[in-house]
Amino acid sequence: MNALVQDVDKRAPEVQGRGTTLESLKQWVDQVAALARPAAIHWCDGSDAENAALVAKMEADGTLIRLNEETNPGSWLHRSHPDDVARVEHLTFVCTSEQDDAGPNNHWMSPADGHAQMDSLFEGCMEGRTMYVIPYCMGPIDSPISRCGVEITDSPYVVANMRIMTRMGEAALQRIEREGTFVRGLHSTGELDPNRRFIMHFPEELTIKSYGSGYGGNALLGKKCHALRIASHQARQEGWLAEHMLILGIENPQGETHYVAAAFPSACGKTNLAMLIPPEGYREKGWKVWTIGDDICWMRPGPDGRLYAINPEAGFFGVAPGTSAKSNPNALATIAKNTIFTNVGVTADDGPWWEGLDDGQPVTDWRGNAYDAANGPAAHPNARFTVSAKQCPSYSEHAEDPTGVPISAIVFGGRRASLVPLVFEARDWTHGVLVGAAMGSETTAAATGAVGVMRRDPMAMKPFCGYNFADYFAHWLSFDNGRNKLPKVFHVNWFRKGDDGKFLWPGFGDNLRVLEWMIGRVEGRADAVETPIGALPREQDLDLEGVQLSGEAREKLFGFDRDGWRAELVSIGDYLREYGPRMPQALHDEQARIAASLD
Ligand SMILES: Nc1nc2c(ncn2[C@@H]2O[C@H](COP(=O)(O)OP(=O)(O)OP(=O)(O)O)[C@@H](O)[C@H]2O)c(=O)[nH]1
Ligand SMILES: O=C([O-])CC(=O)C(=O)O
Ligand SMILES: [Mn+2]
C-alpha cells in the first residue's frame with residue numbers, strides 16, 4: 001500500500017481529520033475490493049520499477065508482444081479482443097437524477113439503476129486478479145486548472161497506458177490530499193463480452209463505472225470519461241470549458257506565437273494538425289508550429305479576460321493508420337521508441353506496420369493471423385499508438401505552463417465531402433457558437449458502427465458532453481459577458497471531395513496556409529468577402545504558392561453555394577428544435593438571421 005495512505009491508518013484519532021480525503025479514498029478502495037474480490041491490491045506509484053514489473057508480467061502472459069529492440073526500442077504490441085477495438089457510444093450512459101439534465105445527446109439511466117446494473121457486473125469480477133489503484137492528475141501537476149482522479153482497474157494494460165497519458169502516482173496522491181476532492185473511476189475488463197459492456201457516468205457524484213472493455217476511450221478513464229464527460233459537467237458549474245480540441249502554437253517569422261484550439265470529431269485530423277510541419281516556403285521563412293495537445297483542452301478566462309488553455313493529458317493516444325513520413329513526420333519521430341501499439345500489423349523483422357506507412361510489408365495482421373489482403377487491412381482502421389508527449393519534436397516549451405496558453409482562435413471542423421468550403425470566419429461569438437453547434441461530420445472507425453454517415457457532432461462533443469447540449473450551448477454563450485476578450489471563431493473542412501471522389505485540398509502541412517489567414521484575421525491584416533455564412537477568403541487572400549488546385553477545387557474550396565446552404569440552414573433549424581425549450585433562443589435567432597440573409 002502507498003505510504004501516504006498507510007499513514008492515514010497510523011494517525012492518532014485527533015489528526016485523522018487532516019487526511020479525510022485519503023481516508024475516504026481508502027474506504028472506497030476497501031468497498032470496491034469487498035465487491036470485486038480481487039486476489040491482491042496494488043497501489044500504483046508510477047515508478048519505472050513498477051512499470052518494468054508490469055510490462056514483464058504482460059510479456060509473460062502475452063498481453064504485450066515485444067517489437068524489434070533495435071528499430072523500435074522499448075516498444076510493444078498489444079492485440080485487443082477483435083470485438084473490442086473502439087468506443088461504444090450505444091453502451092455509454094450519463095446517469096443524472098433528471099433525465100433532461102443528460103439531454104437527448106446522451107443515453108440515460110437513473111443513478112440508482114445505473115449503480116445497480118454496474119454493481120451486479122462488478123460482483124466478484126476480479127477474483128484471481130490484481131486490483132490496481134491509480135491516482136492521477138489531469139494537467140500539469142502544479143497548474144490550478146488541473147484536476148485529479150483515481151482509477152481502480154484490473155487491467156495492467158490500462159495501468160501502463162495511464163502512466164503515459166496522465167501524471168500518475170505519488171504527486172497526484174499528494175495533490176488529492178491537498179485539494180480534498182477527486183474523480184472516482186472504477187474499471188474492469190470483465191469477460192470482454194459485448195453484451196456485458198457499459199461505460200457509465202455519474203456526473204453529480206464525480207464517479208465513473210466502466211465494465212467489459214479494455215479499449216482506450218472506454219478503459220483509460222482519465223481521458224474521455226473524466227477529462228471530457230465528467231469535466232464538462234464540472235466546467236459548467238465552475239465557469240470553464242472542457243473540450244475535444246487540440247492546442248497548437250503558430251510562430252511567425254518575427255518570433256510571435258499565436259495559440260489556436262481546434263475541435264474536430266474523432267479521427268478527423270486533430271493529431272495531424274497539432275503536429276503540423278510547415279510546407280516548403282514557410283519553413284524557409286521561419287514559420288514554426290508547436291504542439292501543446294492533440295485531443296483535449298481545458299480552458300478558462302484569465303485575469304485579462306482571454307481564454308487560457310491547458311492540455312490535461314501527458315501523452316498521445318493517436319490513430320496509427322495514415323501516419324507517414326509525408327503526412328505526419330513529427331508523429332513518426334514521436335513513436336520511434338517507448339510506444340505501445342494497439343492492433344497494428346507486424347513486419348517480418350517485428351516492426352509495427354499500418355496502411356499508409358511509407359515502407360515495410362506486413363506479414364501478420366492485427367488479429368495475429370498471417371497477412372492476406374483478402375481479409376482486410378493489416379492494421380485495424382482504429383489501431384492506435386500510446387506515447388509520451390515529451391517525445392514529440394514539436395512539443396511546446398509552454399505545454400506544461402501552469403497558467404496555460406492564451407487562445408487567439410477557436411476552430412471547428414468536420415469531414416464534409418460536399419457543401420462546406422475550406423474555411424470561413426464567424427462574425428461574432430454567438431455566430432461562432434452556432435457554427436460549433438451545427439457542426440456535421442461523417443462518422444469514422446473511432447467508434448463502433450457504420451463509417452461515413454453524416455451526423456451532427458456539435459463542437460466534436462457529441463459522444464463526450466456529460467450534460468444536455470442545450471445547456472452546453474448556453475454555457476458557451478455565457479462567455480460573451482462584456483468582460484472576456486474572446487478568440488475569433490472559424491470553421492474548416494479539409495475533407496471536401498471532387499466529382500471523382502478525391503480530396504480537393506492537399507491538407508496536412510498545407511493546412512498552415514489556412515492557419516496563417518486566420519492569424520491575419522485575428523491581427524486585422526487579412527482580407528475576406530462577407531457572405532451570409534461568414535467571411536470567406538478569396539483565393540488571393542491565402543498564400544497558395546506551389547499548391548496545384550484544379551478549377552473545380554478552386555470553385556468548391558472558396559465558393560459559397562447559396563442553394564445548398566439554404567437546405568443546410570433548414571436542417572440546422574430542425575436539429576436545434578430537437579432540444580426543445582432548453583435550447584437558447586439566441587441560437588434560434590442566429591439560425592433565423594442567417595436563413596433570412598440567404599433568401
Ligand atoms: N485528407 C486529409 N486527411 C487528414 C488530414 N489530417 C488528418 N487526416 C486523416 O484523418 C485521420 C485521423 O486523423 P487524426 O489526426 O489521427 O484524428 P484525431 O482528430 O486526432 O482523432 P481522435 O484521436 O480519434 O480524436 C487519418 O487517417 C489522417 O490521415 C488532412 O488535412 N487531410
Ligand atoms: O477515445 C478514444 O478512444 C480515442 C479518441 O481520441 C476518440 O475516439 O476521440
Ligand atoms: Mn478524441
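The values are calculated or read from the model by the stated rules, or taken from the named source; none is laboratory data. Not measured: the values here are computed from a predicted model. Please note: Cβ atoms are built from the backbone with ideal geometry, for glycine as well, and neighbour counts cover all protein chains shown. Just so you know, the surface numbers come from the protein's heavy atoms only, side chains and all, with ligands and any DNA or RNA stripped out. Shrake-Rupley method; radii C 1.70, N 1.55, O 1.52, S 1.80 Å.
Can you give the Rg to Rh ratio for the range 317-390, taking only C-alpha atoms and Rh from Kirkwood?
Value, to two decimals: 0.95.
Given a 1.4 Å probe, how much area per residue of the chain is accessible, in Å²? Numbers along the way, then the final one.
Numbers: 22300 Å² over 599 residues.
Per residue, the chain has 37 Å² of solvent-accessible surface.
What is the local net charge at K326, summed over the other residues whose Cβ is closer than 13 Å to its Cβ (Lys, Arg +1; Asp, Glu -1)? Mind dumping the intermediate values first?
Values: positive: none; negative: E280, D358, D359, D510.
With Lys, Arg at +1 and Asp, Glu at -1, the net is -4.
Could you give me the radius of gyration and the Dmax of the range 470-572, taking only the C-alpha atoms into account and expressing both in angstrom?
16.1, 49
Express the carbon and sulfur contribution to the solvent-accessible surface of the range 119-163 as a percent, rounded to the nearest whole number, probe 1.4 angstrom. Could the numbers behind the result be given before it?
Details: 460 of 1060 Å².
Ligands and nucleic acids excluded, carbon and sulfur give 44 percent.
How high is the relative contact order of the range 317-390, in percent, counting Cα pairs under 8 Å that sit 6 or more residues apart?
For the range 317-390, the relative contact order is 41 percent.
Working only with C-alpha atoms, what are the Rg and Dmax values of the chain, expressed in angstrom?
When restricted to Cα atoms, the chain yields Rg and Dmax of 23.8, 79 Å.
Tell me which lysines have Cα within less than 20 Å of K326's Cα, excluding those fewer than 8 residues away on the same chain?
Cα-Cα hits under 20 Å: K270, K288, K337, K502.
Which GluC sites (Glu not before Pro) does the range 227-272 hold that lie in a coil by DSSP with at most 15 other beta carbons within 10 Å?
Those that pass, being in a loop and sparsely packed, are E256.
Output the 0 to 90 degree angle, nearest 10, between the alpha-carbon long axis of helix 48-61 and the longest principal axis computed from the alpha carbons of the chain.
For 48-61 against the chain, the angle is about 90 degrees.
Can you pull the accessible area of H398 for me, 1.4 Å probe, Å² to the nearest 10?
70 Å²
Would you tally the net charge around K209, using a Cβ to Cβ cut-off of less than 15 Å, leaving K209 out, and scoring K and R as +1, D and E as -1?
-2
Which percent of the accessible area of the range 325-418 is formed by carbon and sulfur heavy atoms (probe 1.4 angstrom)?
50 percent
If I fit a long axis through the Cα atoms of helix 170-179 and take the longest principal axis of the Cα atoms of the chain, what angle between them do I get, 0 to 90°, rounded to 10?
Long axis of 170-179 versus the principal axis of the chain: about 80 degrees.
Cα axis of helix 20-36 to longest principal axis of the chain: angle in degrees, 0 to 90, nearest 10?
That helix lies at roughly 80 degrees to the long axis.
Please compute the net charge surrounding V547, taking Lys and Arg as +1 and Asp and Glu as -1 over other residues with Cβ under 11 Å from its Cβ.
Residues close to V547 contribute a combined charge of -3.
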